[in-house]
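Undergrad: Got a structure for you, written out below as structure tokens; questions coming shortly.
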Amino acid sequence: MNCKIIQDLLPLYRDEVCSQESRQAVDEHIQSCPHCAEVLREMGREENLDRETADVDREKAQVIA
């Protein structure tokens, strides 16, 4: 499957809201495509950074309150 299509599916795949068929297609593709596998890993890193930023902002708000 085309990398562009897989990358369109990655957010749904990561959030576990795509169909089983799409999930299987992504699974198969990322096993043989290091670029798409890296894109998926980066999405996870960005999500973790967003959570960390939200935690810090929440702590700052609590201190101010």
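Undergrad: Taking Q24, is it loosely packed, with under 10 Cβ neighbours inside 10 Å and at pLDDT 95 or above? Please lay out each step first, then the result.
TA: Values: loosely packed, with under 10 Cβ neighbours inside 10 Å: no; at pLDDT 95 or above: yes.
Judged against the criteria, Q24 is not a match.
Undergrad: Hey, among the residues in the stretch 4-41 that are of a type outside the set (V, I, T) and in a loop (DSSP other than H, G, I, E, B), which one's nearest to the chain's Cα centre (by Cα)?
TA: Step one: filter the stretch 4-41 for residues of a type outside the set (V, I, T), giving 4, 7-16, 18-25, 27-29, 31-38, 40-41.
Still in the running and in a loop (DSSP other than H, G, I, E, B): 15-16, 18-19, 33.
Details: D15: 7, E16: 10, C18: 13, S19: 16, C33: 16 Å.
The residue in question is D15.
Undergrad: Got a number for residues in the stretch 2-44 being hydrophobic (A, V, I, L, M, F, W, C) and either in contact with a strand residue (DSSP E or B) (Cβ under 9 Å, 6 or more places away or on another chain) or touching a residue at least 24 places away in the same chain (Cβ under 8 Å) (or both)? Even if it seems obvious, please write down each step before you answer.
TA: Narrowing the stretch 2-44 to residues hydrophobic (A, V, I, L, M, F, W, C): 3, 5-6, 9-10, 12, 17-18, 25-26, 30, 33, 36-37, 39-40, 43.
Now narrow it down to the ones that are either in contact with a strand residue (DSSP E or B) (Cβ under 9 Å, 6 or more places away or on another chain) or touching a residue at least 24 places away in the same chain (Cβ under 8 Å) (or both): 3, 6, 10, 25, 30, 33, 36, 39-40, 43.
Summing the residues that are hydrophobic (A, V, I, L, M, F, W, C) and either in contact with a strand residue (DSSP E or B) (Cβ under 9 Å, 6 or more places away or on another chain) or touching a residue at least 24 places away in the same chain (Cβ under 8 Å) (or both) in the stretch 2-44 gives 10.
The values are calculated or read from the model by the stated rules, or taken from the named source; none is laboratory data. Keep in mind that this is a model prediction, so the values were computed, not measured. Don't worry about glycine lacking a Cβ; one is built from the backbone with ideal geometry, like all the others, and counts go over all protein chains shown.
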